[in-house]
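Only one structure is covered here, and it is reproduced in the block below.
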Amino acid sequence: MSHWQAGSVKLQCNLEVMIKVLMRVKPSWVKHIQTSPAGNLKIVNDHTGEVEDGYSIVIRHGGYRRDGKSGADDIKFADIGMKYDPNSKEWKYKADTPYLPDNLKKFDKVLTQEAGVEQAHAIANQLGLQVKEIRVGGQTKVVIRAPVSKTHMLGV
Amino acid sequence: MKIYKVADSCPPGMVDIEFTFNDDGSATRKIIAHGPDVGCKKANHSKLMNDVSNTRVNGFNGPLFEVEDEGLTQQGVAELSQPVAPTKAAPFSGVPKIKAPEQKRKLAVPGFDV
């Protein structure tokens with residue numbers, strides 16, 4: 001039985017950053033993501049027929065859709081909807097997580113991990129430093145090569 | 001964002017700050033100083049690590065994630081000169097290994113309000 005599950009993740013980043021994070025989670029979703037800064041997007045669950053309004057990010061599910069639109073093949077039955085809650089400073093989402101691929105079932109953890117990777121890259125980019133990324137299994141290392149300038153010497 | 005290929009050997013006066021992000025949402029960071037670099041011996045690595053970690057990045061309004069410090073790792077020259085990566089690096093004998101106290105801290109990276 002397919003049902004949306006509500007979740008949240010404490011990530012204080014804006015819409016543009018969250019899109020980059022989602023692109024890191026699954027690059028192929030790029031064709032199926034809709035965004036609305038005003039937060040007036042609807043998500044649909046084609047298994048239960050439910051529709052919900054008020055989201056700023058929607059990742060459309062694949063397979064059979066009543067609206068005939070295309071969607072991500074690895075998201076079954078129900079769209080993923082996301083919106084930022086400025087009061088709790090969390091990104092809230094609804095997703096049919098039991099039907100997501102195994103590596104995405106812990107959706108909040110995946111978002112936290114990829115947001116960290118994105119942030120580390122952004123820091124390196126901001127500072128103009130070299131960076132490399134190594135992914136092994138469920139672990140991602142981001143290595144930033146930084147100069148030890150005089151300001152970082154002991155006793156200075 | 002262009003991802004550079006960072007050379008295996010680190011030039012003098014440079015260190016690598018390694019962030020590790022795990023699929024359970026946890027994160028660690030450590031500094032790797034390569035070789036018998038005098039500059040690295042005299043460096044305040046904690047300050048450098050904090051200055052890099054706390055850099056303000058547009059679009060982020062921290063704290064974003066918790067990160068655990070793993071301190072400083074000194075990699076020896078012998079390891080870097082090997083044509084094939086050895087399984088375990090011999091510790092560099094000239095510099096004592098510095099171990100930072102284990103602590104959890106927030107990375108405060110304020111951006112603009114969302």
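Taking A:Ile134, is it more than 29 Å from A:Ala6 (Cβ to Cβ) and buried (at least 23 other Cβ atoms within 10 Å of the Cβ)?
Numbers: more than 29 Å from A:Ala6 (Cβ to Cβ): yes; buried (at least 23 other Cβ atoms within 10 Å of the Cβ): no.
When the stated conditions are applied, A:Ile134 does not pass them.
Table: residues versus (1) crowded, with 17+ Cβ neighbours inside 10 Å; (2) assigned to a strand (DSSP E or B); (3) modelled with pLDDT of 90 or more; (4) of a type in the set (Phe, Trp, Tyr).
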site	(1), (2), (3), (4)
B:Tyr4	no, no, no, yes
B:Pro11	no, no, no, no
B:Ile17	yes, yes, yes, no
B:Ala33	yes, yes, no, no
B:Cys40	yes, no, no, no
B:Asp51	no, no, no, no
B:Arg56	no, no, no, no
B:Thr73	yes, yes, no, no
B:Ala78	no, no, no, no
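Right, A:Ser88: part of a loop (DSSP other than H, G, I, E, B), among the hydroxyl-bearing types (Ser, Thr, Tyr) and either within 14 Å of chain B (Cβ to nearest Cβ) or on the phi > 0 side of the Ramachandran plot (or both) or not? Walk me through it before giving the result.
Values: part of a loop (DSSP other than H, G, I, E, B): yes; among the hydroxyl-bearing types (Ser, Thr, Tyr): yes; either within 14 Å of chain B (Cβ to nearest Cβ) or on the phi > 0 side of the Ramachandran plot (or both): yes.
So A:Ser88 passes the test.
Among the conditions (1) touching a helix residue (DSSP H, G or I) at 6+ places or on another chain (Cβ under 9 Å); (2) of a type outside the set (S, T, N, Q); (3) not in a loop (DSSP other than H, G, I, E, B), the only one that A:Lys83 does not satisfy is (1). For the residues A:Ala122, A:Ala146, the requirement of being in a helix (DSSP H, G or I) and either within 8 Å of chain B (Cβ to nearest Cβ) or under 14 Å from B:Thr20 (Cβ atoms) (or both) singles out A:Ala122. Looking at A:Lys109, A:Lys69, A:Lys105, which one is under 25 Å from A:His47 (Cα atoms), surrounded by fewer than 19 Cβ atoms within 10 Å (Cβ to Cβ) and within 14 Å of chain B (Cβ to nearest Cβ)? Of A:Lys109, A:Lys69, A:Lys105, the one residue that is under 25 Å from A:His47 (Cα atoms), surrounded by fewer than 19 Cβ atoms within 10 Å (Cβ to Cβ) and within 14 Å of chain B (Cβ to nearest Cβ) is A:Lys105.
Looking at this structure, is A:Glu16 in contact (Cβ under 8 Å) with a residue 24 or more places away in the chain, under 22 Å from B:Val57 (Cα atoms), of a type in the set (Asp, Glu) and within 14 Å of chain B (Cβ to nearest Cβ)? No; evaluated as a whole, the condition is false for this residue.
So which residues in the range A:125-143 are within 7 Å of chain B (Cβ to nearest Cβ) and more than 15 Å from B:Val67 (Cα to Cα), if there are any at all? A:Asn125, A:Gln126, A:Leu127, A:Gln130, A:Val131, A:Lys132, A:Glu133, A:Gly138 - these are the residues of the range A:125-143 that are within 7 Å of chain B (Cβ to nearest Cβ) and more than 15 Å from B:Val67 (Cα to Cα).
The values are calculated or read from the model by the stated rules, or taken from the named source; none is laboratory data. Everything quoted here is computed from the prediction, not taken from an experiment. Every residue, glycine among them, receives a Cβ derived from its backbone with ideal geometry; neighbour counts consider all protein chains shown.
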